[in-house]
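Any read-out appearing in this document is the output of simple, stated calculations on the displayed coordinates, not a laboratory observation. Model, not experiment: these values are computed from the prediction. Counting neighbours? That spans all protein chains shown, and the Cβs are built from the backbone with ideal geometry, glycine included.
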Amino acid sequence: MLISVASGKGGTGKTTVVTNLALALAGDYKVQVLDCDVEEPNLHLFLRPKVYATEEVTLPVPEVDGEKCILCGACSDFCAYNALALAREKIILFPELCNGCRGCTMVCPVGAIQERPHRIGVLHRGKAGEIDFVSGRLDVGKPLAPPVIKAVKEQDQGKGIRLVDAPPGTSCSMIEAVRDTQFCLLVTEPTPFGLHDLKLAVGVARILGIPFGVVVNKSTLGYTQVEDYCREEGIPILLKIPFQRHYAALYARGGALVSEYPEWERAFREVFLKIERLVRENARTASG
Amino acid sequence: MQELLVVSGKGGTGKTSLAASLAVLADNKVTVDCDVEAADLHLLLNPEVEQQEPFYGLEKAVILPEKCIGCGRCAQVCRFDAIFPSESGGVYQVAPLSCEGCKVCTLVCPAEAIKLQPPVAGYWYVSRTHYGPLVHAQLGIGEANSGKLVMKIKQVAREVAREEGYPLILMDGPPGIGCPVTAAMTGSTLALAVTEPTVAGVHDLERLVRLARHFKVPLGVVINKYDLCLEMAQALEDYCRREGIEVWGKIPFDPKAAEAVVQGVPLVSYSPGPAAEAIGSIWERVADKLATSQ
C-alpha cells in the first residue's frame, strides 16, 4: 500500500504523522518511507536512519557544441522556459531554468546539441531500524523540485507499506508527490488557515481521484469549523491529536509520540486499519 | 522603495501571523501575500477586493481528437509522462496537471493534432484593507508556475506602491526554498526568517540562510514560541551567533496567538500580552534596519 501524507498548509504535522505511522507499523509490516518534501526534508531528524547510499539527482540539460553551432537560434526560439539565449557569438545556457525536455536537441538543424547531466539534488537511502528510508534533497539555489521528487518515488519498493511525506502546497511539487498513491492522508489544524488550505488540498485529491482522509493536529485549539467541514463533505477524520505542551516539546527535540506513549502506538495502528478499509471500499465502489 | 520579506523555510512557523501583525504596525506600505499556493493572509486582514485579474500560466498541450491518428509518438517523447491513450481508445490525450508545455510533442506529431493553449492558472487581486492595499493571489489547484505568479504580484505591488507613494512593500513569503521562494526573495531589501525551536526549525533555517546568501539578501531571525523548547532555542541562537546572523527577537508561546488566528484577527490588534509585546519590539528593530539600509 502506497500512502501519501500531505497538507495544503505547511507545518501542520505531516512529518509527525509519517514518523509515528512508520514506527507504529514497523513491527508488523515491511515499511518504507519516502521523504518527498525535498525543499525541506525533515524525516531523517525524527527517524535518524543510517544512510548507506547517497547518489546525485541530475536533470539532462543541453550542451551546445560551439564548433558545430551555426547560431541560428532555433533552440532558443523553441525553449519554452527561456533556458537558452542567443548571444552574438554563442548560445548561453541557464541550467536553472531548464526542465530537461530535450526539445532543443530535436530542433537543432545541425545536431550541435547533446545532453549532459546537471546536478539538482541528492538522494539518500538508508535504514532506520527495520524501516527502509529514502529521502530527496534539493540543492540550495536550484528551483526545480519535481524531478528530485520523482527520483525519490522511483525508489518505491512496491511491496509492504510505503509512506510518502509530501511537500506543502497544492502545486506541481505536491502533485508529483501525491499522484499514483493509493490513499492520501491530509494533515490539518483547526484554524481558519488550516481549513482554507485543507479545502485546496481536498481539491487536489479529488482531481487526482485518490481516496483521502484527514488527521486533525492540535485538535484542541477550539475552532470547530474544520470538523464541521469534514462532516458536511463526508470526509473521514482518521485521527485527532490534541495540543499538549509536552507533545510540542517532544517534537521539538526530534522525539516521536509512539515511542513515548503506548496509547499513540495503538492509535496510529488503527489509522492504518482505517485506511486499508477505506481503500478497499473505494476499490469496490470504483469497480461496481 | 524597500521590500521586506517574511519567510521561513519550514512551513507553519508563524510567518503569516507575524506578517499580519507587521501589516498593522507598519505605516505607508503595500502588503503582498506571496504564498500563492496556500494564501492565508487575507483571512486575517479582511480585504475588500477592488481588482481581480486572471493569471495565465505556461501554455499546455491539447490534442485534438478529430485529428489524432493514435500513433503514440507524442507519448513516447514526453519526458513528463503527460500523454496517455484515452480510455475509449484510438486517440491520445494530455494530463494537464503533468504537462509542462515544452512543446516536444508538437515536433513529432505527424498529423498536426497538437496545439498549445495558455490556461487560466489562477487569479490575482488588488484589495483594500484597514492597513493599506493588499496584493494577493490564488493559484489554481494543481497548477505549476507559482514562481511566475509570485513575480507577477510583486510587480503589481510595486506599481501600486509607486502610484500611491508608499516607500515599503511587506511580503508574506511561501514556505520552502524552491521556485516560489526564489521568486519572492529576488530583489528583496531585507528578509525576516521566522523559525521555531525544533530540530526541523534549525535544519530548515540553515538551508534558508544559504539561499538568502545566494541571493545576497540580508537576513535576520525571529524565534517564535521560543519557550516551547529552551534547549533548541539556545541551539538556534548559537547557530545564529556562529554564522553572524542577527536575532531580531524571540516571541514567547502565548495561547492568545492561536486564539487570534481562530478569530481571524492580527495578534497585535487582538490582545496585548507577551507575544504581542515581543512583536512590537521586533517591528521597531526591523524598522531601524530598514532605515539604515536605505
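List of remarks:
- Shielding of peptide A:92-105 by partners, expressed as the average count of other chain Cβ atoms within 10 Å per residue Cβ, is 3.
- Using the rule -39500 (n - 2.57) for each DSSP H run of four or more residues, divided by the residues of the protein assembly as shown, the 222 nm mean residue ellipticity is -11000 deg cm²/dmol.
- For region A:7-93, the C-alpha radius of gyration divided by 2.2 N^0.38 Å, with N the number of residues, is 1.86.
- Residue of A:137, A:119, A:231 that the Gaussian network model of chain A assigns the largest fluctuation, springs spanning Cα pairs under 10 Å: A:231
- Computed with the Debye formula from one identical point scatterer per Cα of region A:66-111, without solvent, the log10 of I(q)/I(0) at q = 0.17, 0.23, 0.25 Å⁻¹ comes to -0.41, -0.77, -0.90.
- Within chain B, all pairs of alpha-carbon atoms sorted by distance into 10 Å bins from zero give the percentages 6, 26, 28, 18, 12, 7, 2.
- Dipole magnitude of region A:66-111 about its Cα centre (Cβ charges: Lys, Arg +1; Asp, Glu -1), debye to nearest 20: 60 debye
- Dipole-positive endmost among A:59, B:200, B:160 within the protein assembly as shown (Cβ charges, Cα centre): A:59
- Exposure proxy order (Cβ contacts within 10 Å, fewest to most) of B:241, A:179, B:158: B:241, B:158, A:179
- Antiparallel DSSP beta bridges within chain B, percent to nearest 5: 45 percent
- Pairs exceeding 27 Å between alpha-carbon atoms, taken from A:50/A:153; B:152/B:225; A:142/B:225; A:127/A:150; A:142/B:154; B:103/B:152: B:152/B:225; A:142/B:225.
- Both radii come from the Cα set of the protein assembly as shown: Rg as radius of gyration, Rh as Kirkwood radius; their ratio Rg/Rh reads 0.97.
- Calculation over all alpha carbon pairs of chain A in 5 angstrom steps from 0 returns a P(r) of 1, 6, 12, 14, 15, 14, 11, 8, 6, 5, 4, 3, 1, 0, 0 percent.
- Residues B:288, A:132, B:33, arranged from fewest to most other Cβ atoms within 10 angstrom of their Cβ, appear as B:288, A:132, B:33.
- Residue (of B:271, B:175, B:189) at the positive-pole extreme of region B:149-294, dipole from beta-carbon charges: B:189
- When chain A is treated as a GNM with alpha-carbon contacts under 10 Å, the residue of A:249, A:24, A:151 showing the greatest mean-square fluctuation is A:249.
- Chain A - Cys residues lacking any other Cys C-beta under 4.7 Å: A:36, A:69, A:72, A:79, A:98, A:108, A:172, A:184, A:230
- Net charge dipole size for the protein assembly as shown [Lys, Arg +1 and Asp, Glu -1 on Cβ; Debye, nearest 20]: 920 debye
- Taking all pairs of distinct alpha-carbon atoms in region B:60-117, Kirkwood radius in angstrom: 10.9 Å
- Nearest-20 debye value, chain A charge dipole, Cβ charges on Lys, Arg, Asp, Glu: 420 debye
- Within straight-line reach of residue A:9, meaning a Cα separation under 18 Å, sit the following lysines at least 8 residues removed in sequence or on another chain: A:199, A:218, A:240, B:10, B:15.
- Scalar couplings 3J(HN,Hα) for region A:228-244, obtained by applying the Karplus form with A = 6.51, B = -1.76, C = 1.60 to θ = phi - 60°, are 4, 4, 4, 5, 4, 8, x, 8, x, 9, 8, 6, 10, 10, x, 6, 9 Hz; x denotes Gly and Pro.
- Selection from B:46, B:75, B:18, by position along the positive dipole direction of chain B (Cβ): B:75
- Angle of helix B:230-243 to the longest C-alpha principal axis of chain B, folded into 0 to 90 degrees and rounded to 10: 80°.
- The aspartates and glutamates whose alpha-carbon is closer than 16 Å to the alpha-carbon of residue A:30, local same-chain residues fewer than 8 away aside, are A:130, A:132, A:156, A:276.
- Put simply, the amide H of residue B:265, placed in the peptide plane, has no neighbours under 5 Å, leaving out anything fewer than 5 places away on its chain.
- Between A:135, A:76, A:173, the residue with the greatest mean-square fluctuation in the GNM of chain A (Cα pairs under 10 Å linked by springs) is A:76.
- Cysteines in chain B lacking a second Cys C-beta under 4.7 Å: B:34, B:68, B:71, B:78, B:99, B:109, B:179, B:229, B:240
- DSSP beta bridge pairing in chain A, given as percent antiparallel to the nearest 5: 50 percent
- Relative compactness, region B:142-271, computed as alpha-carbon Rg over 2.2 N^0.38 Å: 1.17
- Rg and Dmax over the alpha-carbon atoms of region A:189-286 stand at 14.9, 43 Å.
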